[in-house]
Every structure is written in structure tokens, then in C-alpha cells.
Amino acid sequence: MTFQIRRRAFFAGLAALGLLAGPLLAQDDVPVIAAASDLKFAVTEIAAAFAAETGMQVELSMGSTGNFATQIRQGAPFQMFMAADERFVAELHAEGLTRDAGTLYAEGRLVIMVPHGSALTPDAALDNLAEMLAAGTLTKFAIANPDHAPYGMRAQEALAHRGLWDAIQPHLVLGENVSQAAQFALSGNAEGGIIAYSLALAPEVADLGEFAVIPHDWHAPLRQRMALLDNAGPVAEAFYAYMQTSPAREIMARYGFVLPEGT
């Protein structure tokens, strides 16, 4: 079934339920969606498009995938989880905390990004980063915390692949999530950092520096999966379905995400 057909079926289903009639939907409780911070710009745009087309609102909570998984285990009232690493959804599903195994919605990419005026030059092979480390001229370099942020885990893997992990550790500034890592990387207090491609493509971020995409085979795939939680209501269900329509996928592609095929 094509996404255009699915989209028509999706809105036809909403109409059949009366969700597109009259005031569209009386929402006493706007569902909170826990979304990985690499989605900051893409999913904010998708949520706005969803609201414009359906009249339904969702509240986005952006943060670290690992921290969200912990909060869900502790009973946080999220209705949908959009993880940057599908492993976290699989673990929650095994614990009976999601409705099902969820849906793969994208694969992310890493970039090295530096602020304008930095002594560091962004190159895909991280050659200049290696040169600055060898020369002792690198002061600070930002990544997300690899203890709980998937983009930090993959950044560590990429740096280790290049043989730089041990040397760079004393210079690391760790963001709580990849969005905060981007803030640190572009603050002017660091030479740069490794962040999400999706953030680097956002105009608000792109204007602050330059970047290069790191080879995807330098790290484990950033397979991003979403799932509804057991307490999900009809609005969260509708947003979950909307994420799989052509308009949402087009926005995701524009922010550099690789989309799953045949779904």
C-alpha cells in the first residue's frame, strides 16, 4: 500500500470517527510525545503540519533517548516514544511497556560541525581533528553523552574507528543530548563537535558553522524506532499514523534522515 493511499485511509478513518467534524477534536489532555533531540526541528515541523491538517495538538518533549527510557520505566506519562536507537524501544517492549514492537521511522547520520572562525576544519575523514590532537592545539570538542544518548554512543564509535577516542577524551565536553552537544560545539568555546545531521541542516544551526558528514560505516546504524505506549489515546495514535504518511516522510527526508523502504 502506498503512503498516499495510507494517508487517505488515515484521514478517512478520522472522519469516520468524527474526529474531523465540527470543532475537530475536543482535547482535554494533549498527549506528550517523548522524542529524541535529533528530531528537534523535523518533528516540530511535522507536529505543526499535523495540527494544521487535523486540528489536533501534541506536546513534544525533546531529550536523550536513554533518559526517556528510564523515565518511561518510572511511569512518566508519555503516550508515544520516538527513540534515536531502536534498541531502547525493543527493551521497553520486552518489559511490556509499549503496545507492540513499534515502527522503524528513520536512520540518522552523524556530522562533524565547527563554528565559523574555528581553527578546526570539518572533513569527513576527521583528518584535521587528528592533526590538531597530535599537535596539542585542540582545547574542547563536544559530543552527546555516550552513557545514555545514542548519538553520543555512535560519536564514540566513529572516533574510535578513526583511532582518536583515547586522545580526545580529555578534551570532550558532553551534552546531555545531541541538541545540547550542538549548542556546546557551536558556542565558540569549543573547536567543534559531532552532532546529528538533522540538526546541522536546520537553518537555525546551519548559519552558525560548517559541517561534513561522517561515513555511516564508521559506527553502528542509528536506526530510529517509534512506539505507542500502553496509555496512548486517539490523538497519539493519529500522530503515530501521521508520522508514516508522505508529508511527514518528506519533512524527515529534508532534514537528512534516511527513510525505511517498503513501510
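Quick note: the coordinates plus some simple rules give every number you see, no bench work behind them. Being a predicted model, the structure only gives us computed values, none of them experimental. Glycine gets a Cβ as well: all are built from the backbone with ideal geometry, and neighbour counts include every protein chain shown.
If each residue of separation counts as 0.36 nm, what is the full-extension length gain between R73 and Q57 once their alpha-carbon separation is subtracted?
3.3 nm
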### Query
Any idea how far the Cα center of the range 118-173 sits from the one of the range 35-102, in Å?
29
### Task
Indicate, rounded to the nearest 5 percent, the antiparallel portion of the DSSP beta bridges found entirely in the chain.
60
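So what is the relative contact order for the chain, in percent, with contacts set as C-alpha pairs under 8 Å and at least six apart?
Values: 534 pairs, mean separation 75.8, N = 263.
Value for the chain: 29 percent.
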### Message
Quick one: 3J(HN,Hα) in Hz for the range 230-244, Karplus 6.51/-1.76/1.60 with θ = phi - 60°, rounded, Gly and Pro as x.
### Response
4, 8, 4, x, x, 6, 4, 4, 5, 5, 4, 5, 5, 4, 9
### Query
Counting alpha carbon pairs within less than 8 Å and at least 6 residues apart, what relative contact order, in whole percent, applies to the range 120-263?
24
### Task
Using a Gaussian network model of the chain whose springs link C-alpha atoms within less than 10 Å, name the residue from A236, A94, A149 with the highest mean-square fluctuation.
A94
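Charges only on Cβ, +1 for Lys and Arg, -1 for Asp and Glu: so what's the dipole of the chain about the Cα centre, in debye to the nearest 20? Spell out each step's value before the answer.
Values: 15 positive and 28 negative charges, 93 e Å.
About 440 debye.
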### Query
Pick from A130, A36, A84: which residue has the top mean-square fluctuation in a GNM of the chain where Cα pairs under 10 Å get a spring?
A130
### Dmax and Rg, reported as Rg then Dmax, of the chain (C-alpha, Å)
19.4, 67
### Query
Can you give the % of DSSP beta bridges in the range 110-213 that are antiparallel, to the nearest 5?
60
### Query
Build a GNM of the chain with springs between Cα atoms under 10 Å: which of A220, A182, A106 gets the top mean-square fluctuation?
A220
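Most exposed first by the Cβ proxy, i.e. fewest other Cβ within 10 Å, how do H161, H148 rank? Before the final figure, lay out each step's value.
Working: H161 15, H148 19.
Ascending Cβ contact count within 10 Å gives the list H161, H148.
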#### Entry: Rounded to whole Hz, the Karplus (6.51, -1.76, 1.60) HN-Hα couplings of the range 179-186, x for glycine and proline
5, 5, 4, 5, 4, 5, 4, 9
### Message
If I model a spin label as a point 7 Å beyond the Cα along the Cα-Cβ vector, how far apart are those points for A125 and R99 in nm?
### Response
4.9
### Message
With θ taken as phi - 60° and the coefficients 6.51, -1.76 and 1.60, list the Karplus ³J(HN,Hα) couplings across the range 97-107 in order, rounded to whole Hz; mark glycine and proline as x.
### Response
9, 10, 5, 7, 6, x, 9, 6, 10, 5, 10
